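The values are calculated or read from the model by the stated rules, or taken from the named source; none is laboratory data. Note that the structure is a prediction, hence the values are computed from the model and not measured. Quick reminder, even Gly has a Cβ in these numbers, built from the backbone with ideal geometry, and neighbours come from all protein chains shown.
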Amino acid sequence: STTSDLIPLWQGRPCSKGTTDFTRLLAGELVYSGVRRTPVCALPGDVSLFGGTLRPAAELFATTLDVWLLLGEIAESELDCDTANGRPATRLAAIDRLARSFCCDRTELSAEDVLSVARQFAAAQEEQLTQALKRVTAENTGIFLSVIVSGSGSFLARRVIAKNSSTESAEVVSLDSHLTPEIAAAAPACAVAVLAHEETHGVFQRDLLPHPAGG
């Protein structure tokens, strides 16, 4: 929800250049751009509105959660208030937050105007991650046979993978289907729990992980 981690694997093991967050940032393997918590003002590029171009206010008025809510990639939830203003993660509230990022409200920006803004933010984030993947794959020559995808932004990852010549033909292995959507969305936390169990008990137990119904 906060970052995108691009981790090359060789024979099942990480072969990333960076080993800390700082060195992974330097290598382009860690990108602080996710589908929920990233402020829209942190996305690259300008926004076109009413024949002009502008940048959103450099304040935490709206996040990428609002963008993907409006575009239907993330489901609404009245109970989810982990948003820029603490109000529910609904499309109507997302419109208000995105309008506020341009220092206005629905009296100045219509729902269609805000939807146009959301599409532009989505395109900017997709391009940002496309360029990041291009950099990482360029430094790891060859064709990737498979790509493992996890996290709440899996839908965006698939788009980016399809646009890269080194990964476009790769088998996309989704943790959503191999485990559960809930585990896939919290894959790093789940991995830490499994590693801790392995360290304590000296053995990996796949039964620790829930599986999809019928899986």
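So which of Ala122, Ala58 is closer than 18 Å to Tyr32 by Cβ, assigned to a loop (DSSP other than H, G, I, E, B), small (Gly, Ala, Ser) and modelled with pLDDT of 95 or more?
On the way: Ala122 fails: assigned to a loop (DSSP other than H, G, I, E, B).
Selected residue: Ala58, the only one of Ala122, Ala58 that is closer than 18 Å to Tyr32 by Cβ, assigned to a loop (DSSP other than H, G, I, E, B), small (Gly, Ala, Ser) and modelled with pLDDT of 95 or more.
What helices (runs of 4 or more DSSP H), lying completely within region 131-215, carry at least 2 residues that are over 17 Å from the mean Cα position of the chain (by Cα), among the hydrophobic types (A, V, I, L, M, F, W, C) and modelled with pLDDT under 85? So that I can check it myself, show each step before the final result.
Details: elements: 154-162, 175-178, 181-185, 187-201.
Ranges flagged: 187-201.
Only one entry of Arg37, Arg100, Arg24 meets the criterion of being over 15 Å from Ser4 (Cβ atoms) and without any contact (Cβ under 8 Å) to a residue 60 or more places away in the chain, and that entry is Arg100.
Scan region 127-153 for residues that are in contact with a Phe, Trp or Tyr (Cβ under 8 Å, 6 or more places away or on another chain) and over 25 Å from Glu73 (Cβ atoms) and the total you get is 0. Scanning region 1-48 for residues that are in a loop (DSSP other than H, G, I, E, B), among the hydrophobic types (A, V, I, L, M, F, W, C) and closer than 15 Å to Leu133 by Cβ returns Leu6, Ile7. The criterion of being touching a residue at least 60 places away in the same chain (Cβ under 8 Å) and touching a Ser or Thr at 6+ places or on another chain (Cβ under 8 Å) holds for Leu49.
Ala94 - would you say it is under 23 Å from Val31 (Cα atoms) and either among the aliphatic types (A, V, I, L, M) or assigned to a helix (DSSP H, G or I) (or both)?
no
For Leu115, the conditions (1) hydrophobic (A, V, I, L, M, F, W, C); (2) within 30 Å of Lys17 (Cβ to Cβ); (3) touching a residue at least 40 places away in the same chain (Cβ under 8 Å) all hold with the exception of (2). Contact map, region 56-77: first residue farther than 17 Å from Ala185 by Cα and among the aromatic types (Phe, Trp, Tyr), second residue part of a strand (DSSP E or B) and at pLDDT 95 or above, Cβ cut-off under 8 Å, separation 6 or more or different chains; pairs are Phe61/Pro39.
One line per residue, one yes/no per condition, for (1) hydrophobic (A, V, I, L, M, F, W, C); (2) farther than 18 Å from Ala42 by Cβ; (3) in contact (Cβ under 8 Å) with a residue 60 or more places away in the chain:
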position: Ala122; (1), (2), (3): yes, no, no
position: Gln125; (1), (2), (3): no, no, yes
position: Leu129; (1), (2), (3): yes, no, yes
position: Ser146; (1), (2), (3): no, yes, no
position: Ile161; (1), (2), (3): yes, yes, no
position: Thr167; (1), (2), (3): no, yes, no
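Residue check: Leu70 meets all listed conditions (1) more than 30 Å from Ser169 (Cβ to Cβ); (2) modelled with pLDDT under 95 but one, namely (2).
Given the structure, is Ala99 closer than 26 Å to Ile183 by Cα and either crowded, with 18+ Cβ neighbours inside 10 Å or at pLDDT below 95 (or both)? The answer is no for Ala99.
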